[in-house]
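Have a look at the structure below before the remarks.
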Amino acid sequence: MASRSAALKEAVLSEEISVAMQAMEEVSEEKTPDLGPFFGLPSRVKELMLRLKGIQSLYEWQETCLNLPSVQRRKNLIYSLPTSGGKTLVAEILILRELLCRKKDALFILPYVSLVQEKVRGLASFGVELDFLVEEYAGSKGRFPPVKRKGRRSLYVATIEKAHSLVNSLIENQRIDDLGLVVVDELHMLGDGSRGAIIEMTLAKVLYTAKSTQIIGMSATLGNIKDLQTFLRAENYSNDFRPVQLKEYVKLQDTIYEVDPKEEDCFKFSRLLNFKYSSSMQKLDPDHIIAMVTEVIPKHSCLVFCPTKKNCENVGGLICRYLRKDFLLLHEQQKLLLLSQLEECGRGSVCPVLSRTVPYGVAYHHSGLTGEERRLLEEAYTCGTLCLLTCTSTLAAGVNLPARRVILRSPYVAADFLKRSQYKQMVGRAGRAGIDSQGESILILQEKDRLTAKTLVSAPMEKCFSNLLLDEGKGLRSLILSLIGLNEEHLCVQTSLKEALQLSLNFLQENQLIIREGETLSVTRLGKATYKVDLLYSSVLYKDLSKGLEGLMLNSFLHLLYL
């Protein structure tokens, strides 16, 4: 009976996929047809969304976005909303539609290794249930070119750098048309230095080599979104929806001010901090962090963003030093279990800072944690065993850990003053949908930063510009080298009259990375190896290897140990 029921379910699923595929094939420019029971996906996906993610229904903006004519016609799309607005769910539904209905592979590009790992964990169960592969391309993981799977599609979840290498390998092996969809999270990072240049190169190659690959970009609200639309030949959808109202504050000395751009000074007096500090405590905590966190914990959750990893650990230790002893009694058994799990994944030892802070319900969260430690701490925070995390800006970029109150320890990330997009990401973590009626953020300021902070909280949205010419055109040189190496349309020097392009070509020739034969450019063996690594390091690496060869014996594999 059970097997008959399973077979029946399988038949229904197969029928729904086939109906959805047929409908997608019939899509024309004039109409937006009904694609199926759940945005073109089998009803089983809706059941999985409820079972695996706890999602019963979509927000109104998500339904609108998924039903846009441009989305139905598979046009490229950039959509922008505030942090915590639910952007990722739309992308995941579109990815599932590509894998199941169009039977094409998909690439999901995320900015950090930790976010790739979180996304792989989150989507692996969907892969098992719906019979597609979720492949991690981060750190040392990922194969180039990816293994070709008979009858199964793959979702590649990749960091910015790995995604670029993956696209290169697909073009080189003439498999780029297997890739039906590319989704880029934090698309506005295209304007951030050398990593932005890599995103731009990746998308440019997809645009000009793939016949029908759709590009979807999720972005913070930008001042020049039209420039990005032109580059990606994309439509734009934006909305200012937030599931929970956000109140922004700043703290100067012992006074809290509400951020109000209508005020002349931008900051409107709200209240004085009411907390008795001893003289020793005042010396250790001049910024009154303990006063602000104890107003909300342990009843509610709190995130404290710190400028460095070390500062995360120090602030966590400082807070626990002055918390009441009754904090130790809350969720005592769960905390003991968490510590034993941390000890197990740390091969018998726990970080001394965590062993001191976890009993109080406090932990730090930064890139120094292993993947397993991060997972354990995130789960403990989500279920309420931990009530406070001290964290770096990485957490704001995607890990879904909202809090009732978010405190920004300083308006800096390391030595750099916050960008508006970074600030909005961090404060956007305030307010938990379905739990809080509102969220609040507090930015701790020193008097010297008051004017700069005023611009930060009230300035118009930043603009995003190309970084291909950064560092004397390093990005442009890399792009040209890889295009020649990948045999893209035999670049002709006569059509490349711009000075920057000519300088780049001269550099590549002088460094014996390309050769010119008449009007045709081709890549040398050294050039071919270079575009697969990094133009910045290739010459150093080549010199080191050449020097090493002088003293190497190649009649065994011992030389590999040296390398």
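How large is the helix-only mean residue ellipticity at 222 nm for the chain, computed as the sum of -39500 (n - 2.57) over DSSP H runs with n ≥ 4, divided by its residue count, in deg cm²/dmol to the nearest 500? Intermediate results must be reported in sequence, preceding the final value.
Numbers: 22 runs with 246 residues, N = 563.
Computed mean residue ellipticity for the chain: -13500 deg cm²/dmol.
Determine the distance separating the Cα centre of region 133-187 from the Cα centre of region 81-109; give it in Å without decimals.
Cα centroid to Cα centroid, the span is 15 Å.
Over all directions, how big on average is the projection of the convex hull of the alpha-carbon atoms in region 77-138, in square nanometres?
4.7
Once label points are set 7 Å from the Cα along Cα→Cβ at both L207 and R233, what is their separation, rounded to one decimal in nm?
0.9
Using modelled backbone amide H atoms (1.01 Å from N, in-plane), which distant-in-sequence or interchain residues come within less than 5 Å of I407's amide H?
Under 5 Å from the amide H of I407 lie the amide H atoms of L303, V304, F305, I442, each far enough along the sequence or on another chain.
Looking at region 352-487 only, what percent of DSSP beta bridges run antiparallel? Nearest 5 please.
Values: 2 of 11 bridges.
The antiparallel fraction comes to roughly 20 percent.
Between N173 and S125, what is the FRET efficiency for a Förster distance of 22 Å, r being their Cβ-Cβ separation, to the nearest 0.05? Kindly include the intermediate steps, with their values, before the conclusion.
Numbers: r = 30 Å, r/R0 = 1.37.
E between N173 and S125, to the nearest 0.05, is 0.15.
In Å², what does the accessible area per residue of region 209-261 work out to with a 1.4 Å probe?
Values: 2450 Å² over 53 residues.
For region 209-261, the per-residue accessible area is 46 Å².
What dipole magnitude, in Debye to the nearest 20, does the chain give about its Cα centre under +1 on Lys/Arg Cβ and -1 on Asp/Glu Cβ?
Values: 71 positive and 66 negative charges, 184 e Å.
With only Lys, Arg, Asp and Glu charged at Cβ, the dipole is about 880 debye.
Given the pairs K87/K463; K424/K454; K211/K474, which span a C-alpha to C-alpha distance of over 23 angstrom in this model? It would help to have the intermediate numbers written out before the result.
On the way: K87/K463 20 Å; K424/K454 14 Å; K211/K474 28 Å.
Over 23 Å Cα-Cα: K211/K474.
Calculate the FRET efficiency for T382 and A415 from the Cβ-Cβ distance with a Förster distance of 41 Å, rounded to the nearest 0.05.
Working: r = 32 Å, r/R0 = 0.78.
It comes to 0.80.
Counting only residues 5 or more places away or on other chains, whose amide H sits under 5 Å from the amide H of Y237 once H atoms are built in the peptide plane?
Hits under the 5 Å cutoff: I78, Y79, S80.
Just the C-alpha atoms of region 209-303: what Rg/Rh do they give, with Rh taken as the Kirkwood radius?
1.20
Which Rg and Dmax, in Å, describe the Cα atoms of region 303-342?
Expressed in Å, the Cα Rg and Dmax of region 303-342 come to 12.4, 32.
Whenever you get a sec, compute what percent of the accessible area on the chain sits on carbon and sulfur atoms (1.4 Å probe). Present the calculation step by step, with values, prior to reporting the outcome.
On the way: 14490 of 27940 Å².
Carbon with sulfur: 52 percent of the solvent-accessible area.
So how far apart, in nm, are the two label points at F465 and R321 if each is 7 Å from Cα heading toward Cβ?
Each label point is offset 7 Å from its Cα along the Cβ direction, giving 4.5 nm.
Compute the normalised compactness of region 87-236: alpha-carbon radius of gyration over 2.2 N^0.38 Å, N being the residue count.
Values: Rg = 14.3 Å, N = 150, 2.2 N^0.38 = 14.8 Å.
The reported ratio for this selection is 0.97.
Considering amide H positions built from the backbone, and no H for Pro or chain starts, which residues 5 or more places from N224, or on another chain, come under 5 Å of its amide H?
C464
When the Cα centres of region 354-385 and region 251-272 are compared, how far apart do they sit, in Å?
Comparing the Cα centres of region 354-385 and region 251-272, I get a distance of 33 Å.
Can you compute 3J(HN,Hα) from phi for each residue in region 232-246, using the Karplus curve 6.51 cos²θ - 1.76 cosθ + 1.60 with θ = phi - 60°, rounded to whole Hz and x for Gly and Pro?
8, 6, 10, 7, 10, 10, 9, 7, 9, 4, 9, x, 10, 5, 10
Taking the Cα centroid of region 216-241 and of region 392-424, what is the distance between the two, rounded to the nearest whole Å?
Here the answer is 22 Å between Cα centres.
Can you compute the modelled spin-label distance between L337 and D254, with each label point 7 Å from Cα toward Cβ, in nm?
Each label point lies 7 Å from its Cα, and together they span 4.3 nm.
Regarding region 147-204, what is the average projected area of its C-alpha convex hull, in nm²? Don't jump to the answer; show the numbers that get you there.
Numbers: hull surface 16.8 nm².
Mean projected area for region 147-204: 4.2 nm², to one decimal.
Along each principal axis of its Cα atoms, how long is region 327-475 end to end? Whole angstroms, biggest number first, please.
Largest first, region 327-475 extends 52, 41, 32 Å along its Cα principal axes.
Give me the percent of DSSP beta bridges within the chain that run antiparallel, rounded to the nearest 5.
On the way: 16 of 69 bridges.
So the antiparallel bridges amount to about 25 percent of the total.
Got a number for the accessible area of M461? Probe 1.4 Å, square angstrom, nearest 10.
60
Applying the Karplus parametrisation 6.51 cos²θ - 1.76 cosθ + 1.60 with θ = phi - 60° to the phi angles of region 319-334, what ³J(HN,Hα) value in whole Hz is obtained for each residue in order, glycine and proline being reported as x?
Whole-Hz 3J(HN,Hα) from phi for region 319-334: 4, 5, 4, 10, 7, 5, 5, 5, 4, 5, 7, 6, 6, 4, 5, 5.
For the chain, just the Cα atoms, rotate onto the principal axes and tell me the three extents in Å, largest first.
In descending order, the Cα extents are 79, 69, 60 Å.
The values are calculated or read from the model by the stated rules, or taken from the named source; none is laboratory data. Predicted model only: the values in this text are computed from it and were never measured. Neighbour counts are summed over all protein chains in view; Cβ atoms, including those assigned to glycine, are modelled from backbone coordinates with ideal geometry. Accessible surface is based on the protein model in full, side chains and every heavy atom, while ligands, DNA and RNA are left aside. Shrake-Rupley method; radii C 1.70, N 1.55, O 1.52, S 1.80 Å.
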